[in-house]
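The values are calculated or read from the model by the stated rules, or taken from the named source; none is laboratory data. Keep in mind the model is a prediction, meaning the values are calculated, not measured. Ideal geometry is used to build each Cβ from the backbone, glycine not excepted, and the neighbour counts take in all protein chains shown. Surface areas here come from the heavy atoms of the whole protein model, side chains and all, with no ligands, DNA or RNA. Shrake-Rupley method; radii C 1.70, N 1.55, O 1.52, S 1.80 Å.
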Amino acid sequence: MQRSPQQAGPESRTPPSAPSTTPTPAWAAADCSAAEPIGGLQEYYYELCMEKSQEIKPFILHILQEVDEEIEKGLVGITLNVAGNCHLMPVERVTGEDFWILCRILKNNPCINGLDVRYNLISDVGASYAAKLLQKQHNLIYLNLMFNDIGPEGGELIAKALHKNTTLKHLRMTGNKIENKGGMFFAAMLQINSSLEKLDVGDCDLGMQSVIAFATVLTQNQTIKGLNLNRPILYGEQEESTVHLGHMLKENQCLVELHMCKHDIKNCGMKQLCDALYLNRSLRYLDVSCNKITQDGMVCLADVLKSNTTLEVIDLSFNRIENAGANYLSDALASHNRTLKALSVVSNNIEGEGLVALSQSMKTNPTLSNIYIWGNKFDEATRVAYSDLIHMGRLKSDNTDVEPFVVDGHVYLAEVSNGLKRHFYWTPGYGEACSPSSNAGFTLVPVGQYL
């Protein structure tokens with residue numbers, strides 16, 4: 001993606017995008033020290049751009065105009081959404097210099113408590129301004145920096161800024177390659193920070209050392225309720241990360257939501273987690289999708305479900321539990337468990353026998369309301385079974401990812417865009433951005449007001 005051309009002048013040049021030792025431009029040294037001007041945010045943005053010879057971006061102007069209108073209506077708790085992946089209008093990605101101006105605008109504005117700048121180009125330069133914002137803006141409770149080309153140095157600055165921050169509740173660093181070094185700083189931050197409730201460091205190229213550090217810190221931290229550790233860079237076959245996270249779950253009685261997608265978890269690792277779940281009384285949402293769990297791992301999980309009374313959402317998508325694994329789960333759900341509300345077995349190589357067994361368990365289990373089965377092998381019995389569940393009202397159409405239709409007297413199933421976390425990485429171009437049917441996991445187990 002090419003950067004937008006800047007107007008001439010030394011102030012408008014893009015600073016180097018990596019090292020934290022990069023000198024701060026003279027015009028930004030004052031950071032957010034200026035007083036909030038009289039007038040709307042749109043007018044203030046225009047004035048700042050003119051003052052610093054910065055290019056005025058129509059997309060940001062448009063967003064600020066909408067926020068001004070919301071403020072005039074007396075609304076509070078507004079999230080400034082400047083996402084760079086909006087397809088409904090031309091978007092020029094936000095750079096580090098643009099982000100500095102946004103920080104100035106947010107300074108001491110009591111109506112705005114959220115900032116979403118996902119899919120932009122703020123880099124480590126913008127991360128340094130984000131760190132200063134966290135130190136000086138005392139209304140911000142939500143900050144989304146996902147996929148912004150922030151590296152280890154930028155991650156270090158943000159993590160250290162959170163040592164003294166007491167207001168931020170939810171931080172998304174998803175997709176920024178802060179690597180093992182940056183991950184270690186965030187883990188260390190959790191030893192000090194006592195306000196952050198939800199942290200997303202998925203797809204950040206964390207290493208084994210930082211994953212273990214998170215597990216170790218969370219044996220003591222009693223504030224974090226949601227943690228995303230998706231897709232670390234792990235080596236070896238010993239599943240050491242799963243062992244440490246299992247130990248953490250035995251000790252931690254505060255964590256509600258845990259994402260361990262793409263951790264290379266096999267049956268041995270699943271057993272480690274299940275052993276911990278016998279003792280854990282807080283976890284309600286467990287995501288172990290995109291791993292290497294088979295039917296043997298389901299023996300352990302089914303046994304846990306017979307006694308566990310806290311798990312409400314389990315995501316097993318993109319594993320390989322097959323018919324036998326589905327049968328183990330259906331037996332536990334039919335005769336013992338009465339707390340699980342949502343189960344995803346998308347793309348698990350399950351055939352008709354296992355899928356029908358799961359549908360039968362819903363007839364005797366009044367609690368299980370959401371089930372997602374697309375990507376498996378449907379036969380006639382499967383299609384009829386789920387069609388009957390939907391038509392009799394036992395399975396609501398918004399609570400599954402299939403929809404029945406009839407052709408020449410035969411029932412078929414079509415895929416619909418429902419799931420546990422459909423809009424985790426993106427939002428639709430139309431319709432409701434946080435639709436409960438597309439993000440059922442976060443609707444059933446809400447940890448904060450954002451995904």
Tabulated pairs, the stretch 46-70, first more than 15 Å from Val82 (Cβ to Cβ), second assigned to a helix (DSSP H, G or I) and open to solvent by 50 Å² or more (accessible area, probe 1.4 Å), C-beta under 7 angstrom, 6+ apart or interchain: Lys52/Glu11; Ser53/Glu11
Residues of the stretch 125-144 classified as among the hydrophobic types (A, V, I, L, M, F, W, C), assigned to a loop (DSSP other than H, G, I, E, B) and open to solvent by less than 10 Å² (accessible area, probe 1.4 Å), total: 1
When residues of the stretch 193-211 are limited to those that are open to solvent by less than 20 Å² (accessible area, probe 1.4 Å) and in a helix (DSSP H, G or I), the one farthest from Cys254 (Cα to Cα): Ser210
Failed condition for Tyr425, given (1) closer than 28 Å to Leu305 by Cα; (2) open to solvent by 60 Å² or more (accessible area, probe 1.4 Å): (1)
Selected residue (criterion: nearest to the chain's Cα centre (by Cα)) from residues of the stretch 135-151 that are modelled with pLDDT of 95 or more and more than 22 Å from His259 (Cβ to Cβ): Asp149
Every pair of residues 6+ apart whose Cβ atoms lie under 8 Å, when the first sits in the stretch 349-361 and is charged (D, E, K, R) while the second is open to solvent by 10 Å² or more (accessible area, probe 1.4 Å) and at pLDDT below 95: none
Qualifying residues in the stretch 158-179 (those that are touching a Lys or Arg at 6+ places or on another chain (Cβ under 9 Å) and not basic (Lys, Arg)) - the one farthest from Val117 (Cα to Cα): Ala161
Boolean, Leu249 is crowded, with 23+ Cβ neighbours inside 10 Å, closer than 24 Å to Leu196 by Cα, over 19 Å from the mean Cα position of the chain (by Cα) and modelled with pLDDT of 95 or more: yes
Residues of the stretch 314-340 that turn out to be within 24 Å of the chain's Cα centre (by Cα) and buried (at least 20 other Cβ atoms within 10 Å of the Cβ), as a count: 6
Test set (1) surrounded by 18 or more Cβ atoms within 10 Å (Cβ to Cβ); (2) touching a strand residue (DSSP E or B) at 6+ places or on another chain (Cβ under 7 Å); (3) without any contact (Cβ under 8 Å) to a residue 60 or more places away in the chain; (4) of a type in the set (S, T, N, Q) - Asn365 fails condition number: (2)
Residues within the stretch 152-174 that are over 21 Å from the mean Cα position of the chain (by Cα) and open to solvent by 30 Å² or more (accessible area, probe 1.4 Å), tallied: 6
Lone unmet requirement of (1) within 22 Å of Asp264 (Cβ to Cβ); (2) out of contact with any Pro (no Cβ under 9 Å at 6 or more places or on another chain); (3) surrounded by fewer than 24 Cβ atoms within 10 Å (Cβ to Cβ) for Lys177: (2)
Single match in Gly154, Gly183 (criterion: in a helix (DSSP H, G or I) and over 24 Å from Lys292 (Cβ atoms)): Gly154
Qualifying residues in the stretch 39-55 (those that are among the charged types (D, E, K, R) and part of a helix (DSSP H, G or I)) - the one most open to solvent (accessible area, probe 1.4 Å): Glu51
Only one of Ala131, Ala159, Ala127 that is touching a Phe, Trp or Tyr at 6+ places or on another chain (Cβ under 6 Å) and of a type in the set (Gly, Ala, Ser): Ala159
Selection count, the stretch 104-126, where residues are in contact with a Gly (Cβ under 9 Å, 6 or more places away or on another chain) and closer than 18 Å to Glu43 by Cβ: 2
Residue among Glu92, Glu97 that alone is touching a Ser or Thr at 6+ places or on another chain (Cβ under 8 Å), surrounded by fewer than 21 Cβ atoms within 10 Å (Cβ to Cβ) and not in a strand (DSSP E or B): Glu92
Where Ser241 falls short, out of the listed (1) more than 16 Å from Leu190 (Cβ to Cβ); (2) at pLDDT below 95; (3) surrounded by fewer than 19 Cβ atoms within 10 Å (Cβ to Cβ): (3)
Only one of Asn370, Asn418, Asn399, Asn439 that is closer than 21 Å to Ala302 by Cβ and under 30 Å from the mean Cα position of the chain (by Cα): Asn370
Every pair of residues 6+ apart whose Cβ atoms lie under 6 Å, when the first sits in the stretch 401-421 and is surrounded by 12 or more Cβ atoms within 10 Å (Cβ to Cβ) while the second is β-branched (Val, Ile, Thr) and part of a strand (DSSP E or B): Pro404/Val411; Leu413/Val402
Residue list for the stretch 246-276, restricted to those being more than 23 Å from Gly448 (Cα to Cα) and among the hydrophobic types (A, V, I, L, M, F, W, C): Ile265, Cys268, Met270, Leu273, Cys274, Ala276
Total residues in the stretch 242-299, condition acidic (Asp, Glu) and not in a helix (DSSP H, G or I): 3
